[in-house]
1. Considering only DSSP beta bridges where both residues belong to the chain, give the percentage that are antiparallel (nearest 5).
2. The range 183-233 to the range 67-125: how many Å between their Cα centroids?
3. Can you tell me the dipole magnitude for the range 249-359 around its Cα centre, using point charges on the Cβ only (Lys, Arg +1; Asp, Glu -1), in Debye to the nearest 20?
4. Tell me the net charge near G106. Cut-off is 11 Å between Cβ atoms, G106 excluded, with +1 for each Lys or Arg and -1 for each Asp or Glu.
5. So between E279 and S43, what do we pick up on full extension, going 0.36 nm a residue minus the alpha carbon distance?
6. Against the empirical 2.2 N^0.38 Å scaling, what ratio does the C-alpha Rg of the range 71-285 come to?
7. What stretch of the chain, leaving out the sites themselves, is the longest with no GluC sites (Glu not before Pro) in a DSSP loop having at most 10 other Cβ atoms within 10 Å?
8. Roughly how many nanometres apart are two label points built 7 Å out from the Cα toward the Cβ at E229 and E182?
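We did not get these values from a lab; they are worked out from the coordinates using the rules stated. Because the structure is a prediction, the values reported are computed rather than measured. All Cβ positions, even for glycine, are placed from backbone atoms using ideal geometry, and neighbour counts span all protein chains on display.
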Amino acid sequence: MAEHTAEYEWRGEGEEAEVVLYAPDASAFDRALPAARLPGVQSPVYAAASPEGFGSVASSATHAAPDLLSTPERGLLLVADTTAENLSVEPRALHDRLVRDLPEAGLRLPPVNEAGVARLCETGALAAAEDGLIEEEDLRLLDVRPGEPDALGRRALAAGPRGWEAAVRPELRVVAGVLDAEGAESLGLRTGALAVVVRVDAGGLGGLALGTHRERILGRIWSGDFGTEPDLPSAPIYTEEAADLLAALHAASNFADARAARTLWMLRRVLKETAGALEVCAAWRVGGIEEQEGLLVHRNAVASVGSGGVLVSGGYAVIGTGKMWASAPPFGVPEHEGRWPWEEAGLLERWAELGLPGG
């Protein structure tokens, strides 16, 4: 049974750890309980839930569990050097043009083969920069992780070329209001400015790699090697299986970054004449495993955002407060009487509202 301990905060005991849920109500509490059985789990397990999404984060000092994470994604917030009112077309018409013309822009880029995918998985945005897909000044926001392409598996690498060219649908936004003048100014966001939100995953490559490593870990469990339970497959941190899982996830993260750079290249060409230059003002990761202060932090559909990190959550550009093992929900939640639950719970602070084109 979950206890209501603070506004939008619910706490209860799991099997091996306390569970803390941030949500308008406790209906999603049971969804976070499986993570409390993670071997070596560090209390508490965190979760966030709303009608728009659910995510959780669990940390272990001893084990890696593929079922407690989502495949890596990269999020970007871009801002144009023009306002919506200075556009030669209506923002909604520009959005329609973006959806129509973006795939054609991608046809100007050469395809990649499996060897090219491996290179992108190893060095991510650095490889994209070498190919002219992203400016050097953008690399400060796109750190490379120590990925190992060979850890992905042959099926995942074979799916890479198709995933590289898979369609991405950016979200065109207009800054509808500034809630923190200093913070918004630091991002280049001003009322009326045109912004674009990009969310890119690793395509089929990420899912296939995660599935392969889950089956490999499960096989060792069935053989009695790991001493953990098959209903939550996990590998001890010192094993080759755990190391390969992390290397594969890092490689998938790098591939998602390279796909994000490809999307940025396409956007800059499609929007150049209408909206001018596009600047990357924030970048964040979602999902995967991160090594943090000697722990393995498993993130399922939540972003890796420490104190002061910027991301887009729902319809807002926000800054993280560092809670939830330095994680935050990238999905939104409806306001109630002008109050925003993630802000009331102390997870995020709003800097600017990002409205849809045409209101």
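1. Details: 64 of 68 bridges.
Restricted to the chain, the bridges split so that about 95 percent are antiparallel.
2. What the calculation gives is 19 Å, centre to centre.
3. Values: 10 positive and 12 negative charges, 104 e Å.
Computed charge dipole of the range 249-359: roughly 500 debye.
4. Details: positive: R108, R259, R262, R269; negative: D101, E104, E165.
Once positives and negatives cancel, what remains is +1.
5. Numbers: separation 236, 0.36 × 236 = 84.96 nm, distance 3.94 nm.
Taking E279 through S43 to full extension adds about 81.0 nm, to one decimal.
6. Numbers: Rg = 19.8 Å, N = 215, 2.2 N^0.38 = 16.9 Å.
It is 1.17.
7. Numbers: sites that count: E293, E337.
Counting only loop sites that pass the neighbour cut-off, the longest clear stretch is 1-292.
8. Taking the two extended label points, one gets 4.9 nm.
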